[in-house]
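Step one of this worksheet: look at the structure below.
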Amino acid sequence: MIVEKVLYTAKGRTTGSWKDIFMKHSLLRLVFVTLLAAQAAPNAAWAQVQVAPPIPGVIGKVQSFTGSSLDVQTPSGVVHIDVKQPLITYKKVPSDLSHVTSASYVGVASTEQADGKEVAKEIIIFPAELRGTAEGSVLTDPPGATTHSRMTNGSVSRPAVSHSRMTNGTVQKGSGTTLVVQYQDGSKTISVPPNVPVVEVAPEKVAFAEGDTVYVATEKLPDGTLTTNKILVIAPAVSPSTKQ
């Protein structure tokens, strides 16, 4: 629903079923999650939360990278993107919950428990220039799954309750170990257990390899050309020797 808004059409091809990619990469799910937002909060509380507008982007696997252009394989086909300089590349680095503040835009992988509570599995903190990445909330479980997992991107406000989700957005801590996220079309709430993994998206030099799963923040020119100067490596390519 929401994530589809940020996936561009490239020369008649959209990025397609991003859900196919989410199924295969648990880390990818995390990259596009926001702390669940409160379903009922006073107007004064909501006024303090600025929902991040969605930013356009493409999700897929690197097919080729020349330094001046990037081809990304998506479920609907290859998307060609011109690379502008200076190019900023990002990767995930270890962090902790103390770095999640009311000004944060985050991604949270969560699962719904039997009692309906959303429980975080991992939290990703995005830099300010990537606020709005995959803003929204979508289910990521394959058909017939018994779990309820979701990707949700948004801005955090204060606690509530919801289904399993991946959520990205601006964070505001709730009481105890609860975080809440608000996005353009709604909000979600997530319980954060002790020692939940937290990573931060940080500018790092990256050597792209074929098969790397990436998120490319894009701009569409009047002639339809996609350009970028920001690329995030979500998950490195898995070599045959590391496959189980």
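Observations on the model:
- For segment 192-223 and segment 103-127, distance of Cα centres in Å: 17
- With every protein chain in place and a 1.4 angstrom probe, the accessible-area ranking of R150, R131, largest first, reads R131, R150.
- In Å², nearest 10: area of D115 left accessible to a 1.4 Å probe: 120
- Fully extended contour minus Cα-Cα distance, from K220 to H99, at 0.36 nm per residue: 40.3 nm
- Of the residues F126, F208, F65, the one with the largest accessible area comes first in the ranking F65, F208, F126, computed with a 1.4 Å probe on protein heavy atoms.
- Gyration tensor (alpha-carbon) shape descriptor, segment 71-144, a/c threshold 1.5: oblate
The values are calculated or read from the model by the stated rules, or taken from the named source; none is laboratory data. Computed from a predicted model, the values in this text were never measured in an experiment. Heads up: the accessible areas ignore ligands, DNA and RNA and are worked out on the full protein's heavy atoms, side chains in. Shrake-Rupley method; radii C 1.70, N 1.55, O 1.52, S 1.80 Å.
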